[in-house]
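Nothing in this text is a laboratory measurement; each read-out follows from the coordinates by a stated rule. This structure is a prediction, so every number in the text was calculated from the model and none was measured.
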């Protein structure tokens, strides 16, 4: 995402942000957005782990 795209996204986040919201609310929105974008990039690049692998890793598989 280019700088112009990021600026537009920040403007969109602020526009949709409630008037009574605080800095923590805004930071949480940014964090969630960034996490989702990173997850999508990882998925596109094939950096994924199956549900079964996670269950096995944490010994949740029966």
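Miscellaneous remarks
- Theoretical gain in end-to-end length, residue 30 to residue 58 [0.36 nm per residue, Cα-Cα removed]: 7.1 nm
- Nearest 10 degrees, 0 to 90: helix 3-16 Cα axis against the chain principal axis: 80 degrees
- Between helix 23-44 and the chain: long-axis angle, C-alpha atoms, 0 to 90°, nearest 10: 50 degrees
- Gain on full stretching of the segment that runs from residue 21 to residue 49 - 0.36 nm per residue minus C-alpha separation: 6.5 nm
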